[in-house]
Structures are given as structure tokens and as C-alpha cells.
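Each value in this text was obtained by applying a stated rule to the coordinates, not by laboratory testing. Computed from a prediction, not measured in an experiment: that's the story for all the values here. Cβ: placed from backbone, ideal geometry, glycine included. Neighbour counts: every protein chain shown.
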Amino acid sequence: MNSSVSTTAITGMDNNAERAAPTEAASRQIDGSQLLTSGLKWLLLAALIVALGCPLLFILGQAVLTPEGAWAGTQPFARLFSNINFLPMLGRSLWVSFVTAAVTVPLAYVFAYALQRTCIPLKGMWRGVGLLPLLAPSLLPGIALIYLFGNQGLFKELMSGGIYGFWGILLGEVFYTFPHALMILLSALSQADGRLYDAANAMGASRWRTFTSVTLPATRYGIFGAFCLVFTLTITDFGVPKITGGAYSVLAVEAYKAVVGQQQFGRGALIGLLLLVPAVLTFAVDAWLQRRQRAQMSSRSEAYVPRPDRRRDGFNLFAVLLISAAILLMIAVAMGASLVKLWPYNLQLTLQHYDFDNMDGGGWLAYWNSLKLACGTSVVGTIVIFTGAWLMEKTRGQALLSPLLRFLCFLPMAVPGLVLGLGSLLFFNHPANPFNFLYGTMALLVVCSVVHFYTTAHLTAVTALKQLDPEFEAASLSLKVPLLKTFLRVTVPLCLPSLLEIFRYLFVSSMTTVSAVIFLYRPDTVLASVAVLNMDDAGDVGPAAAMSTLILLTSAAASLLMHVAGSGWVSRAQAWRRGRGH
């Protein structure tokens, strides 16, 4: 990006910017811009403290303080651990999370390797299939497993009713966490130094020796990161265990029952803190791995381009076909069961399961509420998150303010949705809280969703902003153009692809989330993902499958629409890229 482009872009914002102006006026303009950006930073800090910091402090206080507000010390934890059922439940949670990670990461690695390091056909289609579970709520795999292996399932003989327990949680969580591990491993396998593979080939190394000596060591940090992420997602998820867990109780479901079923907020807070421990440890391990990881591509590196190999490509294509078939089978069963009268006895097609107003769970109101939540979260979240990232990356400020903002922006990654939702319940529902009026409103659901998905969107924005030359801001100051105008006229159009990606991510995530909002809704703000849980509790499995299908189709349609519409917007906003060089 050369200086002529940046100077021309900024000059075009204000044709009179280069005309002579008094020095004092220019200084006042610079001071005004700095005052505005500083004020916006303090406003963002206050918002993050209220929406994230205070709920976490309240859940900590609920766990370590008595109802009278006195220090309880370690007594609450001692009572919790002395319960005869708690330690076995903790062990079950850790075990099923570990096994899920041990199964999911190798499957995702094989899938990612096939897409990045082989010459299999239709890579774009297979990638889409692998990421398809991202569009569905975590409750959908549980429902599909019941239809497949439950007491009346298609393959009930294979499981002998054993789907309710460890195996049900394991299979459902593998489906749910697979795309998350896949995204990390696709990135880890995206680049490689071709010289290493040429050297291995020249030395006569076998395919397996090359894989174990070159490919695997280069991607070990991605493997560790994916393992930690899957472990954390599994131990903090309660959607799949709630439906297929049966008597195999785990921590996340126990926290939900303590708050919703038993009104034991202290017990729920204690379990929430315990769920926070593996998430924080995972975040710390991932940060440590990121520091140790070295770049795989240097200035002298040659990009590795896989060559066709019939044996290797055939094996990997077969593996991709098996994994894709399993993913599509789960989704097809859930969608198919929503369109028949009574699975598996009466397979006549019907839309009766979509008559949500005559079912327990919230009716069509829940679906429309989810659309409102997704639109509100994506619009508000994109504006707040991208502007916040720009303030931290492209403006100057107080020495202590930026590090504190960065910490709060990364903190949501280490906070499970269930913990954030419970903390928001305790904080915003407190009678003395001036923000108490937000409890039970759609506004609070939007705020909680934005905070829950903040870190991933923030990292996307920061990555895009770091690719822009600092010359834009320097030229803006030299031409006496306000920084905010540069942001709106130059930075936003250049980063439009990333903005659209943030918008899509927030929309889909808000449609499918359960854990972050399960404690915060009222009858008039019930959501589609929560309605799935309520309908399943009431025994309406068909309508639950129908609502899950509707969520998936809505997420897919929205993603496709944003991709098509976004292509035109990006083409117009970045028309300057097709300038002289083309």
C-alpha cells in the first residue's frame, strides 16, 4: 500500500485540508481528536467493566461470602467437595472432556491435512461440510443421537440403550467441537516450507517418516491448542449432556440444575468458579504456546505445494468422506425427524412439529426473539468491537489504559458462557444495582452475547487493522483531517471484508448460543435455542428437532446472504485496488 494511495484517499476527504491554517487551530483540532479518542476508550473500559468485570466479581462474591456479606473462607468449597456425589461427578466431567479431545483432535487433523496438504477434489465443499456444525445449536447432536441410537432409534441395537450416558455425551460433543478444532488445525497446516519436504524426498525418507519428522513437529502447537480448546468447550457445555447425559451427571448440568431447579445460587456460583479454572488454564497454556511458536515461513522459504499422489489422496479422500458422512447423517436425521409424524413408527411427512405455538417452549415468539438477538448482537457488536480495536491499535492514549483494555478484551475467551450468564444474573438482578432495569430485557441478552463472543471478533479486527500502514493516521494528522473522519472514510472501507466476517460470526453465534443466555431470559424474551431445551424437557422431541433445524437453516441462509451481498459491497468499497496495477 503506497503513499500515493493513502495520501490521495485522505486528501479526497477534505479538499481544503492542505490550505494554510493557523497553527493554534491545528493544535486545537489535534487536541480535540485525542480528547475524543481518549473519551471513547474510557467509555469502552466502563462498558467492559459493567458487562464483564462486575458479573465475574459477583459470582466470586456469591461463592466466598455468606448471605449476610461476611467472609466465608473455604467453608463453601469444603461443603461442596465433602458431598459424596461431587468428586465422582468432577471425575466424570474431566474424563469425558479428555476423551472427547483425544477423539476430536485426530479426526480434525486428518480432515484439515486432507484439505491443506493433499490434492483431493472439491476441497471447498468438504470444508463447508466440516464447518457445518457451527451453524447448529449444541442441542442438535443430542437430539440426532436419540433418533439414531435411543430406545426407538434406527440403530438402537448397536448401543442397547447405552446412548444415555458417557457414549451419548462423547459422540455429541465430538460433533459439536469438531469444527472448532478444524479451524485451528486448518490454520496450523496452511503454510509450510517446501524446502524441508524436498530435502526429505532427496534423502529417501518415507511418507510416514516425513510426516512424523517434518509435518507433525511443525504443527504441534496447533494440536495442543486444539486439544485445550476442545477440552474446555466440552467441560463447560451443558447442551449435549442435558439431553443425552442421563444419569451421567457432569459439572455444567449440575450448575444449571442448582440455579434453575433448586435456586441454590451459591452452589451454582461455586461450580461456575470450578468451570472457570480449566478455561483459564487453557487460556494460559495457549498463550504460552503462542509465545514459543516460531514462524514456519521465512523470507527464504518456498511455499509447499502438494503434488498429486494417488495412494495418499485416495486414503485422505476416504477419511474425509467418512467424517463428512457422519456430520451430514446427524444433521439429516434431525431435519428428517422434524418432518415426519412419529419417528420411527409413522414416517408420513408433516409440518405439525413446526406448529410451535401449540408446543411448550415459547412458540414462534422464541424464533423471532432469536432473530432480534442475532441482528442486535451483530450490529452493536461489530460497531463496538471494531471501533474498540481501532482505538487500541491506531490511536495514542494513557500508558495504563490500553493494557487494561487489552486484558478485558481477551478475558471473555477464558470465561465459559455458563459462568458469564450466571454472573450476569447475580449482578443485574441485584435490587441495589442501578442497571437492574436491564434484567430480563433483550438489551441485556445483546450485551451478554457481545461480551461472550468479544475475543474472537476482536482478534479478527486487530488482524485486519495491523495490515494497514500507519501512514494513514500520520497523513491524516499532517493534513489536519480528524482521525474519526479517517476512520470512517478510509479504515472502515479497507477493512470491510473483516467487518463482514465479524458480523457473520456474531449473527450465527447468537442464533445458536444457549449457555450464555440460559439464566437471563423471561417468558417474553425466550430464545429459539432455549426453546429447544424446554421442548425436549417437556418430551416434545420432534418440535425440538424442528426448532434446531430452523436455527441451522436460518444461520446458513444468513451466512450465504451476507457472502453474496458482501461481495458486492467489498468490490465497490475496494475499487481502488483495481487501479493502475491492473
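For this structure, a couple of remarks:
- Relative packing of peptides 352-358, 367-373, 139-145 - highest average C-beta neighbours within 10 Å first: 139-145, 367-373, 352-358
- With R₀ set to 25 Å, the beta-carbon distance separating ALA538 from VAL380 gives a calculated FRET efficiency near 0.15.
- Relative packing of 520-531, 405-416, which averages over residues the other C-beta atoms within 10 Å, highest first: 520-531, 405-416
- Residues LYS485, LYS466, ranked from the fewest to the most other C-beta atoms within 10 Å, line up as LYS466, LYS485.
- For segment 131-178 and segment 217-279, distance of Cα centres in Å: 18
- Considering only the Cα atoms of segment 93-337, their convex hull presents on average a projected area of 15.3 nm².
- Segment 93-337, relative contact order in percent, only Cα pairs under 8 angstrom and at least six apart counted: 35
- Within the straight-line cut-off of under 30 Å between alpha carbons, the lysines reachable from LYS242 are LYS156, LYS257, LYS341, LYS372, sequence neighbours fewer than 8 places apart in one chain being disregarded.
- Annotation: the residues LEU349, LEU499, LEU468, LEU322, sorted from fewest to most other C-beta atoms within 10 Å of their own C-beta, follow the order LEU349, LEU322, LEU468, LEU499.
- Equivalent ellipsoid semi-axes, segment 46-194, via Cα gyration tensor eigenvalues times 5, rooted, Å: 38, 26, 15
- Anchor LYS394: lysines whose Cα lies under 25 Å away (excluding residues fewer than 8 positions away in-chain): LYS41, LYS466, LYS480, LYS485
- Projecting the Cα positions of LEU140, PRO121, PHE231 onto the charge dipole of segment 93-337 (unit charges on Cβ atoms of Lys, Arg, Asp and Glu, taken about the Cα centre) puts PRO121 furthest along the positive direction.
- Here the residues SER498, SER402, SER338, ranked from fewest to most Cβ neighbours within 10 Å of their Cβ, fall in the order SER402, SER498, SER338.
- FRET efficiency for HIS430 and LYS485, using Cβ-Cβ distance with R0 set to 25 Å, rounded to 0.05: 0.05
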